[in-house]
1. Quick test for you: out of R124, R99, R82, pick the one residue that is exposed (fewer than 14 other Cβ atoms within 10 Å of the Cβ) and of a type in the set (D, E, K, R).
2. Scan the stretch 25-37 residue by residue and report those that are touching a helix residue (DSSP H, G or I) at 6+ places or on another chain (Cβ under 8 Å) and either crowded, with 19+ Cβ neighbours inside 10 Å or farther than 24 Å from P76 by Cβ (or both).
3. When the residues of the stretch 151-180 are filtered to those that are of a type in the set (A, V, I, L, M, F, W, C) and assigned to a strand (DSSP E or B), which remaining residue is modelled with the lowest pLDDT?
4. Pairs needed: first member in the stretch 104-129, more than 17 Å from E72 (Cα to Cα) and touching a residue at least 40 places away in the same chain (Cβ under 8 Å); second member anywhere, among the aromatic types (F, W, Y) and surrounded by 13 or more Cβ atoms within 10 Å (Cβ to Cβ); C-beta distance under 9 Å; at least 6 residues apart or different chains.
5. Taking strands (runs of 3 or more DSSP E) that fall entirely within the stretch 1-66, which contain at least 2 residues that are of a type in the set (V, I, T) and within 25 Å of K142 (Cβ to Cβ)?
6. Output the number of the condition that M67 fails; it satisfies all remaining conditions of (1) within 21 Å of S9 (Cβ to Cβ); (2) of a type outside the set (S, T, Y); (3) surrounded by 12 or more Cβ atoms within 10 Å (Cβ to Cβ).
7. Here is a check on your reading of the model: is L149 loosely packed, with under 14 Cβ neighbours inside 10 Å, touching a strand residue (DSSP E or B) at 6+ places or on another chain (Cβ under 6 Å), within 19 Å of F70 (Cα to Cα) and free of Cβ contacts under 8 Å to residues at least 40 places away in the same chain?
8. Of all residues in the stretch 68-120 being within 19 Å of the chain's Cα centre (by Cα) and not in a helix (DSSP H, G or I), which is modelled with the highest pLDDT?
Amino acid sequence: MSTKISGVSAIGLGAAAVFLAASIFFPWWGMIFIAPQYPEGLDIIVYPYKLAGRIDIINGLNHYIGMKGFSEESFPELAYLRYVIGGMAALTLVTALLRKKGLLYVLIGLFIIGGALGLYDIHRWLTSFGTELDPMAPIKMKPFVPPMLGENRVANFITHSYFTYGSFMIGIAFLLMIIPLWRERRK
């Protein structure tokens with residue numbers, strides 16, 4: 001049983017490293033809020049290092065229901081996430097260069113754990129923002145949890161949550177990591 005992956009698989013891992021590194025510069029997740037007074041929608045766009053979109057208007061509206069404001073300071077993960085992804089890209093490149101199956105297993109394990117923690121973190125923040133409403137807010141609402149993916153209605157706003165380009169790049173990188181396991185299962 002060989003402990004090395006093939007050259008073709010190593011090239012795939014090199015491509016996975018490129019996708020991981022490039023994902024840092026693209027948005028990973030977003031949410032758009034649509035209402036009669038905002039038919040064009042108000043959006044929050046989450047990059048691994050910043051928030052973008054119409055956050056000032058969204059925070060102004062959320063104040064009325066007692067939701068805490070969105071800001072980059074609210075999400076400490078944004079201060080270090082790009083470095084974690086950069087480190088994963090570097091480890092993926094090292095795995096491609098050394099071509100060791102054992103290191104590939106470690107890489108995939110770290111990737112699965114990191115992905116699960118990332119999804120948990122998004123859910124945790126959505127739960128926190130939707131359920132920890134200020135009881136002294138001008139408009140009283142039942143606590144709610146916006147979905148991580150999909151549609152939700154809150155008052156007269158319809159929200160759409162979605163993963164975007166950076167997340168797709170992460171998914172492609174993961175596929176490129178597991179393909180060598182499938183390709184070389186008989187070796």
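The values are calculated or read from the model by the stated rules, or taken from the named source; none is laboratory data. Predicted model only: the values in this text are computed from it and were never measured. With ideal geometry, Cβ positions are generated from the backbone for all residues, glycine too; neighbour counts draw on all protein chains shown.
1. Details: R99 fails: exposed (fewer than 14 other Cβ atoms within 10 Å of the Cβ); R82 fails: exposed (fewer than 14 other Cβ atoms within 10 Å of the Cβ).
The match here is R124.
2. Answer for the stretch 25-37, where residues must be touching a helix residue (DSSP H, G or I) at 6+ places or on another chain (Cβ under 8 Å) and either crowded, with 19+ Cβ neighbours inside 10 Å or farther than 24 Å from P76 by Cβ (or both): P27, W28, W29, F33.
3. Only one residue fits best here, namely V154.
4. Matching pairs, first to second residue: I108/F174; F111/F174; G115/F174.
5. 29-35
6. In the conditions (1) within 21 Å of S9 (Cβ to Cβ); (2) of a type outside the set (S, T, Y); (3) surrounded by 12 or more Cβ atoms within 10 Å (Cβ to Cβ), M67 misses (1) alone.
7. Criteria met by L149.
8. Within the stretch 68-120, the match that is modelled with the highest pLDDT is Y80.
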